[in-house]
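J.: Dropping a structure here in structure tokens format, bear with me for questions.
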Amino acid sequence: MSKLIFERSVPGSSAFSLPEGDVPSVELQDSLQGFLRESDPPLPEVSEVEVVRHFTELSTKAFGVDSGMYPLGSCTMKYNPKINEWAARLPGIAGLHPDQPEETVQGALELMYELEQMLCEITGMNRYTLQPASGAHGEMTGASLIKAYHEQRQDFRRKKMVVPDSSHGTNPATAHMLGFELVEVRSNERGLVDVDDLCSLMSDEIAGLMLTNPNTLGLFEEEILEISKVVHEAGGLLYYDGANLNAVMGVARPGDMGFDIVHLNLHKTFGTPHGGGGPGAGPVGVKEFLVDLLPIPLVGKKDGQYCLDYDVPHSIGKVQSFYGNFGVMAKAYAYIKALGGKGIREACRHAVLNANYLRHNLSDFYEITYDRLCKHEFVASAVRQKKECGVTALDVAKRLIDYGYHPPTIYFPLIVDEGLMIEPTETETKERLDGFIEAMQEIAKEAKENPELVKEAPTNAPIRRVDEVTAARRPILKWK
Ligand SMILES: Cc1ncc(COP(=O)(O)O)c(C=O)c1O
């Protein structure tokens, strides 16, 4: 285990040297005396080289897409071109203040205006708000729009939101937080929405259906047009969780599938890394009949000037301070402009190709619950290993760390036993994918020949297995 920076502290060490102060000291006025520290802050005392070594060492312990393959299904941990970071750091972008007068930020408004247009074109929607700061925040905004739509029509009975049993956890959580009653629609034996079950759930109390397409099994909802018809005929709205848009972008559009509201994860699909606690963006797009409900302000154009448009008659109000996470928008803009329509489609096709290559090559060693053409991800299962050798999905995931791979998402979606949800993303090369296949094959072999080795994994990571429940419920995040 590495030492904490506090444990490296040696009294008297210092990483800086400042010249003697040459301004006279001033007595603080009485009213401010109460704010004075009683003692110096307990900062570690370390030399510059020790500080640098400490943080360099820590950085080598973190795993990210820059260090290796990160096939974390549903999370799209893909490599993003560094030029996007450069674009977002340009002084004219990073140095803006959101309170600046409109005439001084015309470039920024133009970027937002054009980004909105590009997102409309990619998804087949009419307008977007760029405000939401994450996918879940986009869902919250989108589900609020569904609520506002029904209320505006004086249709107060519509209190039920339908979500599939394979849905991402944020869908039911969002609906619940907004006071909707959750109704679960079953998946059929092919892993898709069971349309008969959906029909049986429809009534004049249904507010809408929240759906990811492809779904969390990586499978395209082939009956989406029928699903859309069923929900609309019942008076509900169709919400598209666009976190998986990388699986269809440039090829199919949620707007054409019948979706009324869409959220996108710019931080998964369009140029900003997902995870790491950094800011994201979950823009929400709508069809024309919902535009009047969008959050204010929208970005408009009047007499050749870009402007903030507060003229949204039935707006649900603001959902984020100022205009959203502008740096993420700048990266998305750079990413889409760099790829163009052709590149966007290529990225999508590669994501699908890579996932199918892995699925096909792993199917001799792991059960693939729905073993047919998938989109950007698929769900393998360790049921066979568990039954035959007592090795679980968790064990396989932990052993992958020893082989230098970030584990895939496990035990999700809930409808797959011992699920290993794998999303290679479009940026992995065939050589990397082959390396991953080899590691997974090797682990399947070890599970048979030496199951204890797999159950004890990881054996060469700085931390072995943690008590995950305690780590989640009672995390110790500070020193002493
Ligand atoms: C299918 C799906 N929906 C919603 C989300 C939520 O997005 P966020 O993590 O930005 O809140 C995710 C996150 O990865 C997702 O995979």
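The values are calculated or read from the model by the stated rules, or taken from the named source; none is laboratory data. Computed from a predicted model, the values in this text were never measured in an experiment. Ideal geometry is used to build each Cβ from the backbone, glycine not excepted, and the neighbour counts take in all protein chains shown.
J.: Counting just the residues of segment 235-259 that are farther than 26 Å from residue 422 by Cα and in a loop (DSSP other than H, G, I, E, B), which one comes out farthest from the ligand (Cβ to nearest atom)?
T.: 235
J.: Same structure, new question: Please go through segment 147-170 and pick out each residue that is among the hydroxyl-bearing types (Ser, Thr, Tyr) and part of a loop (DSSP other than H, G, I, E, B). Spell out how you get there, then give the answer.
T.: Filtering segment 147-170 for residues among the hydroxyl-bearing types (Ser, Thr, Tyr) gives 149, 166-167, 170.
Correct list: 166, 167.
J.: If you don't mind, there's one more thing I want to ask. Looking only at segment 327-367, how many residues end up being of a type in the set (Phe, Trp, Tyr) and surrounded by fewer than 21 Cβ atoms within 10 Å (Cβ to Cβ)?
T.: Looking only at that region, the number is 2.
J.: Could you grab me the full set of residues in segment 58-117 that are over 30 Å from residue 424 (Cβ atoms) and small (Gly, Ala, Ser)?
T.: Initial filter on segment 58-117 (over 30 Å from residue 424 (Cβ atoms)): 90-114, 116-117.
Listed by number, the residues that qualify are 92, 94, 95, 107, 108.
J.: Restricting to segment 393-426, count the residues that are in a loop (DSSP other than H, G, I, E, B) and either aromatic (Phe, Trp, Tyr) or in contact (Cβ under 8 Å) with a residue 60 or more places away in the chain (or both). Steps first, please.
T.: Narrowing segment 393-426 to residues in a loop (DSSP other than H, G, I, E, B): 403-408, 411-418, 423-426.
Filter once more, so that each one left must be either aromatic (Phe, Trp, Tyr) or in contact (Cβ under 8 Å) with a residue 60 or more places away in the chain (or both): 403-408, 411-416, 423-426.
Adding up the residues that qualify gives 16.
J.: Then there's this: Criterion first (in contact with a strand residue (DSSP E or B) (Cβ under 6 Å, 6 or more places away or on another chain) and within 16 Å of the ligand (Cβ to nearest atom)) does residue 169 satisfy it?
T.: Working: in contact with a strand residue (DSSP E or B) (Cβ under 6 Å, 6 or more places away or on another chain): no; within 16 Å of the ligand (Cβ to nearest atom): yes.
The answer is no for residue 169.
J.: Can you confirm whether residue 91 is more than 16 Å from the ligand (Cβ to nearest atom), in the same structural domain as residue 240 (by TED's automatic domain parsing) and at pLDDT below 95?
T.: no
J.: For segment 221-231, does any single residue satisfy the condition of being closer than 21 Å to residue 426 by Cβ, assigned to a helix (DSSP H, G or I) and of a type in the set (A, V, I, L, M, F, W, C)?
T.: No, segment 221-231 contains no residue that is closer than 21 Å to residue 426 by Cβ, assigned to a helix (DSSP H, G or I) and of a type in the set (A, V, I, L, M, F, W, C).
Quick grid of which residues meet (1) touching a helix residue (DSSP H, G or I) at 6+ places or on another chain (Cβ under 9 Å); (2) without any contact (Cβ under 8 Å) to a residue 24 or more places away in the chain; (3) of a type in the set (Ser, Thr, Tyr):
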site: 126; (1), (2), (3): yes, no, no
site: 168; (1), (2), (3): yes, no, no
site: 186; (1), (2), (3): yes, yes, no
site: 191; (1), (2), (3): no, no, no
site: 205; (1), (2), (3): no, no, no
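J.: When you go through (1) of a type outside the set (Phe, Trp, Tyr); (2) assigned to a loop (DSSP other than H, G, I, E, B); (3) touching a residue at least 12 places away in the same chain (Cβ under 8 Å) one by one for residue 87, which number turns out not to apply?
T.: (2)
J.: Among (1) away from the ligand (no atom under 14 Å from the Cβ); (2) under 21 Å from residue 285 (Cα atoms); (3) not polar (S, T, N, Q), which single condition is residue 175 missing?
T.: (1)
J.: Further, regarding this structure: State all residues of segment 132-152 that are in contact with a helix residue (DSSP H, G or I) (Cβ under 7 Å, 6 or more places away or on another chain) and crowded, with 20+ Cβ neighbours inside 10 Å; if no residue qualifies, say none.
T.: Narrowing segment 132-152 to residues in contact with a helix residue (DSSP H, G or I) (Cβ under 7 Å, 6 or more places away or on another chain): 132, 135-136, 139-140, 143, 145, 148-149.
Residues satisfying the conditions are 132, 135, 136, 139, 140, 143, 145, 149.
J.: From the list 143, 136, 108, which residue is farther than 21 Å from residue 174 by Cα and in contact (Cβ under 8 Å) with a residue 40 or more places away in the chain? Break it down stepwise before answering.
T.: On the way: 143 fails: farther than 21 Å from residue 174 by Cα; 136 fails: farther than 21 Å from residue 174 by Cα.
Selected residue: 108, the only one of 143, 136, 108 that is farther than 21 Å from residue 174 by Cα and in contact (Cβ under 8 Å) with a residue 40 or more places away in the chain.
J.: Among the listed residues 63, 55, identify the single one that is away from the ligand (no atom under 16 Å from the Cβ), on the phi < 0 side of the Ramachandran plot and out of contact with any Phe, Trp or Tyr (no Cβ under 8 Å at 6 or more places or on another chain). Reasoning before the result, please.
T.: Details: 63 fails: out of contact with any Phe, Trp or Tyr (no Cβ under 8 Å at 6 or more places or on another chain).
Criteria check complete, one pass: 55.
J.: Something else now. Within segment 108-146, take every residue that is outside any loop (DSSP other than H, G, I, E, B) and hydroxyl-bearing (Ser, Thr, Tyr) and give me the one that is farthest from the ligand (Cβ to nearest atom). Give the steps one after another, and end with the answer.
T.: From segment 108-146, those outside any loop (DSSP other than H, G, I, E, B) are 108-123, 127-129, 135-146; that's our starting set.
Adding the requirement that they be hydroxyl-bearing (Ser, Thr, Tyr) leaves 113, 123, 128-129, 141, 144.
Details: 113: 24, 123: 15, 128: 16, 129: 16, 141: 12, 144: 15 Å.
In this case the residue turns out to be 113.
J.: With the requirement that a residue be of a type in the set (Phe, Trp, Tyr) and either in a loop (DSSP other than H, G, I, E, B) or in contact with a Lys or Arg (Cβ under 9 Å, 6 or more places away or on another chain) (or both), what does segment 45-84 give you?
T.: The first filter runs over segment 45-84 and keeps only residues of a type in the set (Phe, Trp, Tyr), leaving 55, 63, 70, 79.
Once the filter is applied, which keeps residues that are of a type in the set (Phe, Trp, Tyr) and either in a loop (DSSP other than H, G, I, E, B) or in contact with a Lys or Arg (Cβ under 9 Å, 6 or more places away or on another chain) (or both), segment 45-84 yields 63, 70, 79.
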